[in-house]
Each structure stands twice: as structure tokens, then as C-alpha cells.
Amino acid sequence: MSLTIYESGSLVTTSAAFVNEAGAATDPSTIVLKYKKDAGATTVITAPSSPIVRDSEGNYHADLDTSGFTGPGLQQWFAEWDGTGAVQALAPDAWLVKPPLL
């Protein structure tokens, strides 16, 4: 799997689409977004807290700020959306961040 590379300082959008057993978009009873940079601490956010945004039934996104990474190399980010209750599902995401050019 090839990961997308963003420049440090970019807002990176991570998203999740939750569906029930019949395949219809459905909101989980609880939605938790977990994310971390490399081997750092995990940040845990429960909806409806910012930066989680409900776009429509079952569809959510969050814009995460990648500012502050100066290198060297690439910084890997990991995100995981956890839905429980009405819909139980996991939606993983990952990307890389490179230092700014200037």
C-alpha cells in the first residue's frame, strides 16, 4: 500500500463511512477518532468534539494539522475511526508527512 505524502503544515483530511448490515449509511451510537504521529502518544477524540465533523448520515471527517515536523526523513501518521453501538466498525487511515521545503 502506497501512502500519500503531505508537506508539514498541511491540513490532512481523514474520513470514515459507516454502514449497517444492510449496507445503508448509519450513524454509530458512539464514534471515536484515535490518531498519533510515529511512535508518539495517541490522541483520542469522541464525537461530536472538534475536529470531528458529521457530513451526513454515517459519514464523518476530521482535518488534522500536520504543522511542526521539521525532519529529517518522513513522519508517519496513523488514524483509526471506531464506531460502536448501532454500527460496529473500524476504519484505519495512514499517511506520511515531509518537512517543509523552506
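Odds and ends about this structure:
Residue by residue, here is whether (1) touching a strand residue (DSSP E or B) at 6+ places or on another chain (Cβ under 8 Å); (2) more than 16 Å from Thr42 (Cα to Cα); (3) among the aliphatic types (A, V, I, L, M) holds:
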site	(1), (2), (3)
Thr70	no, yes, no
Trp77	yes, no, no
Gly85	yes, yes, no
Ala89	yes, yes, yes
Ala94	yes, no, yes
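- Within segment 35-51, the set of residues being part of a strand (DSSP E or B) and surrounded by 15 or more Cβ atoms within 10 Å (Cβ to Cβ) comprises Tyr35, Lys36, Lys37, Ile45.
- Only residues that are assigned to a strand (DSSP E or B) and in contact (Cβ under 8 Å) with a residue 60 or more places away in the chain were counted in segment 55-102, giving 14.
Read the figures in this text as sums done on the coordinates, not as results from a lab. Here the structure is a predicted model, which is why all the values come from computation and not from measurement. Glycine gets a Cβ as well: all are built from the backbone with ideal geometry, and neighbour counts include every protein chain shown.
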